[in-house]
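Structure record follows, encoded as structure tokens.
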Amino acid sequence: MKQFSGRIAVITGAASGFGREFARIAVGYGMRLVISDIDAAALALLRDELQAGGADVLAQVCDVSRADDVQALADAAMARHGAVHLLFNNAGVGCGGLIWEHSEADWEWLLGVNLRGVINGVRIFTPLMLAGAARDPQYEGHIVNTASIAGLLNAPNMGVYNVTKHAVMSLSETLYHDLQLVGAAVGASVLCPHYVPTGIHKSERNRPQELRNLDAPTASQTVSRLLTDKAVRSGKLSAVQVAQATFEAIREKRFYIHTHPEMLDAVEGRMSDLLRQRNPRDPLAAAPQVKALLQARLKA
């Protein structure tokens with residue numbers, strides 16, 4: 001996708017983190033926006049900011065885990081603009097802990113937002129984009145799914161999150177191949193960031209009441225929150241830089257967007273273990289202080 005000006009971008013999870021920076025950059029390129037988030041107040045703040053600068057912005061509250069909400073978002077985008085050119089399936093949440101200690105509500109929440117949200121976006125928007133390409137010989141489209149380095153590795157004490165992001169990787173690669181198979185004028189990319197200060201460590205604030213846990217967090221869940229908070233807040237790469245790299249990848253039609261290439265050695269090691277049928281290596285071997293803290297807290 002080479003041309004952004006005048007085109008329509010739809011962004012989920014737009015009120016913070018990567019989504020907010022995608023929106024700001026898209027406006028800078030002259031795009032018209034349809035932005036969504038489950039946080040109505042934060043979404044309104046972003047809408048007002050962008051409109052104050054003269055941008056064409058439609059904001060709509062959307063719970064991406066609900067197919068009806070995503071369909072309503074697509075209907076609003078088409079009613080307003082008649083086309084969608086760039087889709088960011090970006091909404092995401094996180095929680096951690098030993099994998100057997102997670103509640104059914106934990107699984108339902110993360111699978112709903114992180115995976116079902118991307119499924120809904122791909123299922124509902126891709127046919128609209130393909131139809132737009134059939135109508136317009138000049139059409140260019142692109143879909144970006146936000147996964148994580150956790151979709152390529154399996155760090156301990158992050159099981160539910162890992163599962164969702166591995167599934168997003170598989171979905172995204174299949175989407176890419178299927179679009180190629182039919183010769184679509186729509187490209188696809190998957191974003192695989194490591195720790196970046198985005199606010200995902202505070203995602204409990206938007207957790208639906210019916211999916212909240214009544215029991216106190218376990219030791220593993222408590223230490224996961226502490227470590228994740230520290231890791232996210234201390235991330236050296238900003239959400240702005242990740243968003244800029246994402247737009248560069250869209251322009252260059254690159255599928256894999258690796259924001260932290262230093263992590264690829266660990267990915268290569270995991271793949272090597274798989275191919276050579278070795279037991280999985282310790283993903284915390286390079287961070288012994290983190291492993292020691294985890295083990296100490298879990299024995300306490």
Failed item in (1) surrounded by fewer than 16 Cβ atoms within 10 Å (Cβ to Cβ); (2) assigned to a helix (DSSP H, G or I), with Leu237 passing the rest: (2)
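Gly6: more than 24 Å from Leu175 (Cβ to Cβ), touching a residue at least 24 places away in the same chain (Cβ under 8 Å) and in contact with a helix residue (DSSP H, G or I) (Cβ under 6 Å, 6 or more places away or on another chain), yes or no?
Numbers: more than 24 Å from Leu175 (Cβ to Cβ): yes; touching a residue at least 24 places away in the same chain (Cβ under 8 Å): yes; in contact with a helix residue (DSSP H, G or I) (Cβ under 6 Å, 6 or more places away or on another chain): no.
No: the conditions fail for Gly6.
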Count - residues of segment 70-122 that are over 22 Å from Phe22 (Cα atoms) and hydrophobic (A, V, I, L, M, F, W, C): 10
Number of positions in segment 280-300 that are without any contact (Cβ under 8 Å) to a residue 40 or more places away in the chain and loosely packed, with under 14 Cβ neighbours inside 10 Å: 10
Cross-chain or 6+ apart pairs with Cβ under 9 Å, segment 259-279 first and closer than 20 Å to Ser238 by Cβ, then of a type in the set (A, V, I, L, M) and modelled with pLDDT of 95 or more: Thr259/Ile149; Thr259/Leu191; Thr259/Val242; Thr259/Ala245; His260/Ile149; Met263/Ile149; Met263/Leu152; Met263/Leu153
Identity of the residue in segment 165-202, among the small types (Gly, Ala, Ser) and not in a helix (DSSP H, G or I), that ends up nearest to Ala243 (Cα to Cα): Ser189
Neighbours by Cβ (under 9 Å, 6+ apart or cross-chain): first from segment 183-206, farther than 19 Å from Ala15 by Cα and modelled with pLDDT under 90; second among the charged types (D, E, K, R) and assigned to a strand (DSSP E or B): none
Inter-residue pairs, beta-carbon under 6 Å, first under 19 Å from Arg24 (Cβ atoms) and in segment 224-246, second among the aliphatic types (A, V, I, L, M) and surrounded by 13 or more Cβ atoms within 10 Å (Cβ to Cβ), 6+ apart: Gly235/Val196; Leu237/Val196; Ala239/Val196; Val242/Val196; Ala243/Ile25; Thr246/Leu191; Thr246/Ile257
Residue match in segment 130-153 (condition: crowded, with 17+ Cβ neighbours inside 10 Å, part of a strand (DSSP E or B) and touching a Pro at 6+ places or on another chain (Cβ under 9 Å)): yes
Strands (runs of 3 or more DSSP E) completely within segment 13-89 that count 3 or more residues being free of Cβ contacts under 8 Å to residues at least 60 places away in the same chain and within 26 Å of Leu130 (Cβ to Cβ): 32-37, 57-61
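Only one residue in Ala286, Ala249, Ala219 is small (Gly, Ala, Ser) and under 23 Å from Asn114 (Cα atoms), so which one is that? Don't jump to the end; show me each part of the working.
Working: Ala286 fails: under 23 Å from Asn114 (Cα atoms); Ala219 fails: under 23 Å from Asn114 (Cα atoms).
It is Ala249.
If you check Leu227 against the conditions, is it more than 21 Å from Ile143 (Cβ to Cβ) and not in a helix (DSSP H, G or I)?
no
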Some residue of segment 258-273 being more than 26 Å from the chain's Cα centre (by Cα), assigned to a helix (DSSP H, G or I), surrounded by fewer than 17 Cβ atoms within 10 Å (Cβ to Cβ) and at pLDDT 95 or above: yes
Filter pass, Asp215 being acidic (Asp, Glu) and modelled with pLDDT under 90: no
Options Leu115, Leu111; residue that is out of contact with any strand residue (DSSP E or B) (no Cβ under 9 Å at 6 or more places or on another chain), without any contact (Cβ under 8 Å) to a residue 60 or more places away in the chain, outside any loop (DSSP other than H, G, I, E, B) and buried (at least 19 other Cβ atoms within 10 Å of the Cβ): Leu115
Conditions (1) without any contact (Cβ under 8 Å) to a residue 24 or more places away in the chain; (2) not in a helix (DSSP H, G or I): number failed by Pro156: (1)
Scope segment 225-234; condition out of contact with any Phe, Trp or Tyr (no Cβ under 9 Å at 6 or more places or on another chain), buried (at least 16 other Cβ atoms within 10 Å of the Cβ) and over 14 Å from Ala287 (Cβ atoms); matching residues: Arg225
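The values are calculated or read from the model by the stated rules, or taken from the named source; none is laboratory data. As the structure is a prediction and not an experimental result, all values here were calculated from the model. Neighbour counts run over all protein chains shown; Cβ positions are idealised from the backbone, glycine included.
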